[in-house]
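Here the structure is laid out as structure tokens; the discussion comes afterwards.
The values are calculated or read from the model by the stated rules, or taken from the named source; none is laboratory data. Since we're looking at a predicted model, the values are computed, not measured. No Cβ is skipped: glycine too gets one built from the backbone with ideal geometry, and neighbour counts run over all protein chains shown. Ligands, DNA and RNA are stripped out before the accessible areas are found, and what is left, the full protein with its side chains, is counted by its heavy atoms. Shrake-Rupley method; radii C 1.70, N 1.55, O 1.52, S 1.80 Å.
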Amino acid sequence: MKDTMIGVDLAKSIFQVHGALLSGKEQFRKKLTRPQFWKFMSGHSPAVVVMEACGSAHFWAREMIKLGHEVKLIAPQYVKPFVKRQKNDAADAEAIVIAAQRPEMRFVEPKTEGQQARAVLFRGRERLVRQRTELVNALRAVLYEFGHTAPIGIRQLKRIEAIVEEPNSDLPTLVREECHDLIQQIAEKTVRIDAKTKRTVKLAAQTDTARRLQTMPGVGPLTALAIEAFAPEMESFRCGRDFAAWLGLVPRQHSSGGKERLGRVSKAGQADIRRLLIIGAMSRLNWMGRQSIHEGSWLARLSARKPKMLVAIALANKMARAIWAMLTKREDYRDPMSAVAA
């Protein structure tokens with residue numbers, strides 16, 4: 001039985017280590033370089049190792065597990081209240097141990113190498129999309145300074161190109177050259193985005209989990225990849241509502257004195273999955289997606305009396321709970337209205 005808990009304040013070069021018994025009694029404090037930390041943990045008997053879920057934490061979690069230790073990752077915001085007075089590495093390491101010893105504390109599931117690799121691909125594509133959006137907005141701004149307006153969106157690029165290429169354009173030669181350069185950069189970004197999108201679709205077709213997720217309306221390869229990359233095992237959540245709350249798809253509470261006061265969506269969880277689920281929900285509420293909504297269904301009744309964005313968030317919450325059920329039961333999506341009709 002592991003009777004020692006070791007709190008580690010991670011860094012690039014110098015690691016602060018705080019050891020204590022599970023009863024809370026301090027055993028040691030050490031400041032170790034990277035090689036020294038590795039040697040110390042290799043020679044130490046199996047213990048409970050606790051780290052903040054920050055940069056390199058998932059790598060070190062996997063390495064500590066290989067050495068026979070039990071690893072727990074804790075969110076930094078849960079450690080901060082336990083820091084005593086001045087903030088330094090030693091105080092942070094001690095606070096990590098104190099926070100982890102709380103019986104009600106929540107922990108972060110360590111990620112596998114595969115999950116982190118998928119996250120790198122997802123983040124890379126998102127970064128390229130942001131850079132392309134920046135370039136399109138810069139192009140629109142240049143044209144606006146010379147009296148030409150263009151609507152927002154990448155789909156308007158052909159209209160912008162027509163303004164630049166117009167034979168009798170009133171744009172100065174230097175400005176047209178700069179616009180051509182921006183258009184060329186946008187084209188290069190689009191090629192790279194398309195390549196990463198194809199790779200994402202290919203990855204999403206390789207795993208049974210991603211295939212199962214895509215049986216749900218509004219969930220495509222990007223959403224499936226994001227869930228695989230960023231979400232922990234669904235068994236770590238007690239129910240689908242807990243998963244929806246982890247995503248930040250629940251109202252913020254200001255309740256007191258037995259009176260419930262619910263506000264806007266908290267947005268306190270995983271932003272990437274939440275955003276993609278809301279986008280998928282919105283796709284079901286547009287003119288084409290509405291054709292698949294059954295008369296008299298929950299979604300049809302809600303759409304008739306509530307704003308579109310509110311309905312989309314409510315539907316995203318329902319989708320999150322359905323995803324939890326699909327992955328825990330290992331079943332494909334089943335349309336509730338079709339099941340009732342059967």
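In region 88-117, what residues are of a type in the set (S, T, N, Q) and open to solvent by 40 Å² or more (accessible area, probe 1.4 Å)?
Step one: list which residues in region 88-117 are of a type in the set (S, T, N, Q), which gives 88, 101, 112, 115-116.
Selection gives ASN88, GLN101, THR112, GLN116.
Among the numbered criteria (1) open to solvent by 50 Å² or more (accessible area, probe 1.4 Å); (2) at pLDDT 90 or above, which one does ARG85 miss?
Status for ARG85: all satisfied but (2).
Suppose we filter region 144-174 for residues that are hydrophobic (A, V, I, L, M, F, W, C), touching a residue at least 12 places away in the same chain (Cβ under 8 Å) and outside any loop (DSSP other than H, G, I, E, B); how many remain? Let's see the steps before the verdict.
First pass over region 144-174, keeping only residues hydrophobic (A, V, I, L, M, F, W, C): 146, 150, 152, 154, 157, 160, 162-164, 171, 174.
This time we only want the ones that are touching a residue at least 12 places away in the same chain (Cβ under 8 Å), so: 146, 150, 152, 154, 157, 160, 163-164, 171.
So of that shortlist, the ones also outside any loop (DSSP other than H, G, I, E, B) come out as 154, 157, 160, 163-164.
Qualifying residue count, region 144-174: 5.
Specify the residue that is modelled with the lowest pLDDT; the eligible residues are those in region 258-307 that are in a helix (DSSP H, G or I) and among the hydroxyl-bearing types (Ser, Thr, Tyr). Break it down stepwise before answering.
From region 258-307, those in a helix (DSSP H, G or I) are 271-283, 289-292, 298-305; that's our starting set.
The next check asks that each one be among the hydroxyl-bearing types (Ser, Thr, Tyr); those that pass are 283, 292, 303.
Numbers: SER283: 89, SER292: 75, SER303: 86.
The selected residue is SER292.
Looking only at region 20-49, how many residues end up being touching a His at 6+ places or on another chain (Cβ under 6 Å) and either surrounded by fewer than 12 Cβ atoms within 10 Å (Cβ to Cβ) or in contact (Cβ under 8 Å) with a residue 60 or more places away in the chain (or both)? Let's see the steps before the verdict.
The first filter runs over region 20-49 and keeps only residues touching a His at 6+ places or on another chain (Cβ under 6 Å), leaving 29, 46-47, 49.
From the residues that got through so far, the ones that are either surrounded by fewer than 12 Cβ atoms within 10 Å (Cβ to Cβ) or in contact (Cβ under 8 Å) with a residue 60 or more places away in the chain (or both) too are 29.
Within region 20-49, residues that are touching a His at 6+ places or on another chain (Cβ under 6 Å) and either surrounded by fewer than 12 Cβ atoms within 10 Å (Cβ to Cβ) or in contact (Cβ under 8 Å) with a residue 60 or more places away in the chain (or both) number 1.
Scan region 257-282 for residues that are open to solvent by 80 Å² or more (accessible area, probe 1.4 Å) and either out of contact with any strand residue (DSSP E or B) (no Cβ under 7 Å at 6 or more places or on another chain) or free of Cβ contacts under 8 Å to residues at least 12 places away in the same chain (or both) and report the count. Break it down into steps so the answer makes sense when it comes.
Filtering region 257-282 down to residues open to solvent by 80 Å² or more (accessible area, probe 1.4 Å) leaves 257-262, 264, 267-268, 275, 279.
Next, only the ones that are either out of contact with any strand residue (DSSP E or B) (no Cβ under 7 Å at 6 or more places or on another chain) or free of Cβ contacts under 8 Å to residues at least 12 places away in the same chain (or both) stay: 257-262, 267-268, 275, 279.
Adding up the residues that qualify gives 10.
Looking only at helices (runs of 4 or more DSSP H) that fall completely inside region 175-253, which ones have 2 or more residues that are open to solvent by 30 Å² or more (accessible area, probe 1.4 Å) and not charged (D, E, K, R)? Steps first, answer last, please.
Details: elements: 208-213, 221-230, 240-247.
Helices (runs of 4 or more DSSP H) meeting the threshold: 221-230, 240-247.
So the check is Cβ under 8 Å with 6+ separation or different chains; which pairs have a first residue in region 283-310 that's touching a residue at least 12 places away in the same chain (Cβ under 8 Å) and a second one that's part of a loop (DSSP other than H, G, I, E, B) and hydrophobic (A, V, I, L, M, F, W, C)?
ARG284/ILE293; LEU299/ILE293; SER303/LEU285; SER303/ILE293; LYS308/LEU285
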